[in-house]
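Chemist: I'd like to ask you about the structure that follows.
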Amino acid sequence: MFTDRLLHLRQRHRLGRRVLVLILLFSALLALLATAVQLFVDYRRDVQAIRTRMDQVESSYVRGLEHSLWTFDADQVNTQLEGILKLPDLRFLEITTPAGERYTAGALPGGAPGIERTLILRHGAETLGTLRITASLEGSFGRLRARALVIALNEIVQAFFFSIFILLVLHRVVTQPLGTMADYARRMDLDHLNEPLRLTRPRPRSGEQDELDDVVRAINDMRESLLAGLEARMRAEGEIRSLNAALERRVMERTQELKVTNDSLVVAKESADEASRAKSRFLASMSHELRTPLNAILLYCELLRGEEKFQDDPALLVDLGHIRNSGKHLLSLINNILDMAKIESGKMTLDLHPEDLPTLMQELVDTMRPLAQGNQNRLDLDLDPAAGLLDTDGTKLRQILLNFLGNACKFTRGGVITLGLRLEEEDGVPGLRFWVRDTGIGMSGPQADTIFTEFAQADASTARKFGGTGLGLAISHRFSQLMGGRIWVETEEAKGSCFHLRLPLAPPAPVPD
């Protein structure tokens, strides 16, 4: 019955088993320590007993040995040595005289350690010899081994029964309540949350609560907290379901509203597209209608300037020059508007053909040099020697670079303007970079962010002072994209600007309509 009880405890209560092992190990360690201390004390007692016997030999037998040596009675010396050898633990006696005579009794101990003492034998002032006494510890060690076995068995038995007692007490007081709490925790679910945890165990008469009571109270508090949280969650889920239903109704209403709005937007987009197409047709028609009389005005103006009868009237020539310049400016605006209308309608195409870049660049410099000199500017050309032919739309390339040069000449006074070209790679792709750098008024960061937008200029004061519609750079930007490239600007206020155009060496693939 007792064995079955221990087996049940071993299988069910792993904590108790570990405690039992620890108690056994600790008890065994204490038993070993106690045994070692007891054996050490016994060893010291045996060694002291041997030394006491040696003192007894010195006090009781030395005078008789001295007398026998003085009378040269060898038989008596041997008899006395044999008598001394009967004392416990003494194993070997040896007398050595100055003349070299030796008297021995017993035999030297073998492997066991021993204790030796040497005594001087005298008769008056004369030395008769030396007595060497050798005691063996073998008997002491045998007695110690026997005592060690008895002490160890006694300590182990005591430790075993003490451990069993502690285990039973621990099971009753600790592990059994812990097992009850573990069983309660395993079956604690929604169906058992209303059942509090209660422990059935012996209590002290004082009624004082211990740590297990604290654990039980904490578990019950957790159970109540879970119940409260569960109730709150159920209420929240009910509110969420109500909100979801309201949200679904709202989504359906908003979906219907968005459908109506989307249908309205589709109609509005179609109207806007039709208006945009009508605007493009109108701009194209009006541009054509305006360009015809303007070209006639410019032609008649040139004819009048060439008449001999007007050569002697400088004031009239100046007026004719104003008419010509205003007509050209108006024609340029009309061309820009027409280009923008073509771009927005998607009808702008590229006219690709081989273009000799050095010749094109020199022509641009020659064309813009009078305008640059009008504001006391110097116009330079920085050309890459490797530049040659490029299959591109020469007209649009000229228009972009003329726009860059025109702006540089307009916003620079008494400075330097440079038109440059380099063969460069960008992200491993070869291409051409054109640039126009000036030392003019420059721009701030916010101004540079808007200059490529239609009808946008740096600011109102610039428009009033220098004129312009804000279409040139926007058209150049659209042209660069159409040609498979891009433009950008690097500028610093009061120090100048540098406009860049990058084009690929290969012409862009045509975009389907």
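The values are calculated or read from the model by the stated rules, or taken from the named source; none is laboratory data. These numbers were taken from a predicted model, which means no experiment stands behind them. We place every Cβ from the backbone using ideal geometry, glycine too, and count neighbours over all the protein chains shown.
The rows are residues; the columns are (1) outside any loop (DSSP other than H, G, I, E, B); (2) over 18 Å from LEU401 (Cα atoms).
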{"position": "ASP312", "(1), (2)": "no, yes"}
{"position": "LEU320", "(1), (2)": "yes, yes"}
{"position": "SER332", "(1), (2)": "yes, no"}
{"position": "GLU355", "(1), (2)": "yes, no"}
{"position": "LEU360", "(1), (2)": "yes, no"}
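Chemist: Next question. Looking at the range 468-503, which of its residues are β-branched (Val, Ile, Thr) and surrounded by fewer than 21 Cβ atoms within 10 Å (Cβ to Cβ)?
Modeler: Let us first name the residues in the range 468-503 that are β-branched (Val, Ile, Thr), namely 469, 475, 487, 489, 491.
Within the range 468-503, THR469, VAL489, THR491 meet the criteria.
Let's see how each residue does on (1) assigned by TED's automatic domain parsing to the domain that holds PRO113; (2) at pLDDT 80 or above; (3) surrounded by 18 or more Cβ atoms within 10 Å (Cβ to Cβ):
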position	(1), (2), (3)
ILE23	yes, no, yes
ILE50	yes, yes, yes
SER60	yes, yes, no
ASP73	yes, yes, no
LEU81	yes, yes, yes
LEU90	yes, yes, yes
ALA99	yes, yes, no
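Chemist: To continue, here is another question. Against the condition farther than 24 Å from ARG369 by Cα, in contact with a Gly (Cβ under 6 Å, 6 or more places away or on another chain) and at pLDDT below 95, how does ALA448 come out, does it pass? Steps first, answer last, please.
Modeler: Working: farther than 24 Å from ARG369 by Cα: yes; in contact with a Gly (Cβ under 6 Å, 6 or more places away or on another chain): no; at pLDDT below 95: yes.
Taking the combined requirement at face value, the residue does not satisfy it.
Chemist: Need the failing condition index for PRO354 against (1) surrounded by 12 or more Cβ atoms within 10 Å (Cβ to Cβ); (2) modelled with pLDDT under 95; (3) touching a Leu at 6+ places or on another chain (Cβ under 7 Å), just the number.
Modeler: Just one mismatch for PRO354, condition (1).
Yes/no per residue for (1) under 30 Å from LEU227 (Cα atoms); (2) part of a helix (DSSP H, G or I); (3) within 59 Å of the chain's Cα centre (by Cα):
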| residue | (1), (2), (3) |
| --- | --- |
| ILE95 | no, no, no |
| ALA99 | no, no, no |
| THR104 | no, no, no |
| ASN154 | no, yes, no |
| LEU178 | yes, yes, yes |
| ALA185 | yes, yes, yes |
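Chemist: Still on this structure, please answer the following. Can you tell me which of ALA387, ALA408 is among the aliphatic types (A, V, I, L, M) and not in a helix (DSSP H, G or I)?
Modeler: Numbers: ALA408 fails: not in a helix (DSSP H, G or I).
None of the others qualify; the one that does is ALA387.
Chemist: Based on this model, can you work out whether VAL19 counts as modelled with pLDDT of 80 or more, of a type in the set (Val, Ile, Thr) and surrounded by 15 or more Cβ atoms within 10 Å (Cβ to Cβ)? Outline the logic, then answer.
Modeler: Details: modelled with pLDDT of 80 or more: no; of a type in the set (Val, Ile, Thr): yes; surrounded by 15 or more Cβ atoms within 10 Å (Cβ to Cβ): yes.
Criteria not met by VAL19.
Chemist: Filter the range 117-134 for residues that are of a type outside the set (A, V, I, L, M) and at pLDDT below 85 and give the result.
Modeler: Residues of the range 117-134 that are of a type outside the set (A, V, I, L, M), as a first pass: 117-118, 122-124, 126-127, 129-130, 132, 134.
Once the filter is applied, which keeps residues that are of a type outside the set (A, V, I, L, M) and at pLDDT below 85, the range 117-134 yields HIS123, GLY124.
Chemist: Can you confirm whether MET348 is surrounded by 15 or more Cβ atoms within 10 Å (Cβ to Cβ) and closer than 27 Å to GLY415 by Cβ?
Modeler: Values: surrounded by 15 or more Cβ atoms within 10 Å (Cβ to Cβ): yes; closer than 27 Å to GLY415 by Cβ: no.
For MET348, the condition - surrounded by 15 or more Cβ atoms within 10 Å (Cβ to Cβ) and closer than 27 Å to GLY415 by Cβ - is not met.
Chemist: Got at least one residue in the range 89-99 being basic (Lys, Arg), touching a strand residue (DSSP E or B) at 6+ places or on another chain (Cβ under 6 Å) and farther than 30 Å from GLN38 by Cα?
Modeler: From the range 89-99, those basic (Lys, Arg) are 91; that's our starting set.
Filter once more, so that each one left must be touching a strand residue (DSSP E or B) at 6+ places or on another chain (Cβ under 6 Å): 91.
Still in the list and also farther than 30 Å from GLN38 by Cα: none.
Among the residues of the range 89-99, not one is basic (Lys, Arg), touching a strand residue (DSSP E or B) at 6+ places or on another chain (Cβ under 6 Å) and farther than 30 Å from GLN38 by Cα, which makes the answer no.
Chemist: I'm checking my understanding of the structure. Among residues of the range 181-237 that are β-branched (Val, Ile, Thr) and modelled with pLDDT of 75 or more, which one is farthest from VAL169 (Cα to Cα)? Lay out the reasoning, then the answer.
Modeler: First pass over the range 181-237, keeping only residues β-branched (Val, Ile, Thr): 200, 215-216, 219.
Right, trim to modelled with pLDDT of 75 or more and you get 215-216, 219.
Details: VAL215: 20, VAL216: 20, ILE219: 24 Å.
Result: ILE219.
Chemist: Within the range 110-117, is even one residue out of contact with any Asp or Glu (no Cβ under 7 Å at 6 or more places or on another chain), farther than 27 Å from LEU144 by Cα and touching a residue at least 12 places away in the same chain (Cβ under 8 Å)? Let's see the steps before the verdict.
Modeler: Of the range 110-117, the ones out of contact with any Asp or Glu (no Cβ under 7 Å at 6 or more places or on another chain) are 110-111, 113-117.
From the residues that got through so far, the ones that are farther than 27 Å from LEU144 by Cα too are none.
No: zero hits.
Chemist: Return a yes/no flag: does the range 331-345 have any residue that is farther than 30 Å from THR453 by Cβ and either surrounded by fewer than 14 Cβ atoms within 10 Å (Cβ to Cβ) or at pLDDT below 75 (or both). I'd like the intermediate steps shown before the answer.
Modeler: Taking the range 331-345 as the starting set, the residues that turn out to be farther than 30 Å from THR453 by Cβ are none.
No, the range 331-345 contains no residue that is farther than 30 Å from THR453 by Cβ and either surrounded by fewer than 14 Cβ atoms within 10 Å (Cβ to Cβ) or at pLDDT below 75 (or both).
Chemist: Looking only at the range 27-48, filter to residues that are of a type in the set (S, T, N, Q) and modelled with pLDDT under 85; which one of those is surrounded by the fewest Cβ atoms within 10 Å (Cβ to Cβ)? Write out each step before concluding.
Modeler: Looking only at the range 27-48, we keep the residues that are of a type in the set (S, T, N, Q), and these are 27, 35, 38, 48.
The next check asks that each one be modelled with pLDDT under 85; those that pass are 27, 35, 38.
Values: SER27: 19, THR35: 20, GLN38: 17.
The extreme case among them is GLN38.
Chemist: Restricting to the range 283-308, and then to whatever is in contact with a helix residue (DSSP H, G or I) (Cβ under 9 Å, 6 or more places away or on another chain) and loosely packed, with under 12 Cβ neighbours inside 10 Å, can you tell me which residue is modelled with the highest pLDDT?
Modeler: GLU302
Chemist: Further question on the same structure: For residues in the range 129-139 being closer than 16 Å to LEU108 by Cα and of a type in the set (S, T, N, Q), which is surrounded by the most Cβ atoms within 10 Å (Cβ to Cβ)?
Modeler: Here is the first cut: in the range 129-139, the ones closer than 16 Å to LEU108 by Cα are 131-139.
Of the ones still in play, those that are also of a type in the set (S, T, N, Q) are 134, 136.
Working: THR134: 19, SER136: 21.
Looking at the filtered set, the residue picked out is SER136.
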